[in-house]
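Everything below concerns the one structure shown next.
The values are calculated or read from the model by the stated rules, or taken from the named source; none is laboratory data. Since this is a predicted model, take the numbers as computed values, not measurements. Note that we place each Cβ from the backbone using ideal geometry, even for glycine, and neighbour counts take in every protein chain shown. The area values use the complete protein model at the heavy-atom level, side chains included, leaving out ligands, DNA and RNA. Shrake-Rupley method; radii C 1.70, N 1.55, O 1.52, S 1.80 Å.
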Amino acid sequence: MKESDIMVTPSEMPAAVPLLPLGLAAYQEGAVVSRTLLKRAGGTITLFAFDDAQGLSEHTAPFDAVAHVLEGEAEITIAGTPIKAAAGELVLLPANQPHAVHARTRFKMLLTMIRSA
């Protein structure tokens, strides 16, 4: 079975099948595209594709999250401290800390949110 033969629904990815995440969300000019790949009570995995200079405004979340940059470069600001992250790098977004994401170039990231106390 080829990856192109696999249908991934917005809330579920197929089990026991290798996928290339870069192909699961396309860039859109002037936009941020998100696609939920997995949603469980314990957390979510969401793929984001940011066009150049796009971003997510500052917000907080009650749970830890890990941003894994897959392609391009981002600036992730956590509690007022900007962090440059490039393809292959991970950044922990601590629970209850204000954070924002800005595309330095077009970039894609996987965001894994861990819902735990």
**Item:** the stretch 95-116 - residue that is out of contact with any Asp or Glu (no Cβ under 6 Å at 6 or more places or on another chain) and not in a strand (DSSP E or B) and, of those, nearest to GLY23 (Cα to Cα)
**Value:** ARG115
**Message:** Just the residues that are surrounded by 12 or more Cβ atoms within 10 Å (Cβ to Cβ) and either of a type in the set (S, T, N, Q) or in a loop (DSSP other than H, G, I, E, B) (or both), please, taken from the stretch 18-41.
**Reply:** LEU19, ALA25, TYR27, GLN28, SER34, THR36
**Message:** So, in the stretch 25-41, exactly how many residues are in contact (Cβ under 8 Å) with a residue 24 or more places away in the chain and either farther than 15 Å from GLN54 by Cβ or of a type in the set (A, V, I, L, M, F, W, C) (or both)?
**Reply:** 8
**Fill in**
Restricting attention to the stretch 42-69, the residues that are farther than 11 Å from LEU111 by Cβ, in a strand (DSSP E or B) and not charged (D, E, K, R) number exactly 5
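Given the condition under 18 Å from LEU24 (Cα atoms) and open to solvent by less than 50 Å² (accessible area, probe 1.4 Å), answer yes or no: does some residue in the stretch 98-107 qualify?
First, pick out the residues of the stretch 98-107 that are under 18 Å from LEU24 (Cα atoms): 106-107.
Imposing the further condition that a residue be open to solvent by less than 50 Å² (accessible area, probe 1.4 Å) reduces the set to 107.
Yes, the stretch 98-107 contains at least one residue that is under 18 Å from LEU24 (Cα atoms) and open to solvent by less than 50 Å² (accessible area, probe 1.4 Å).
How many residues are part of a strand (DSSP E or B), exposed (fewer than 14 other Cβ atoms within 10 Å of the Cβ) and of a type in the set (A, V, I, L, M) if we restrict to the stretch 70-82?
Start the filter on the stretch 70-82 by keeping residues that are part of a strand (DSSP E or B), which leaves 70-71, 73-78, 81-82.
Going one step further and asking which of them are exposed (fewer than 14 other Cβ atoms within 10 Å of the Cβ), we end up with 81-82.
Cutting the leftovers down to of a type in the set (A, V, I, L, M) gives us none.
Selection size over the stretch 70-82: 0.
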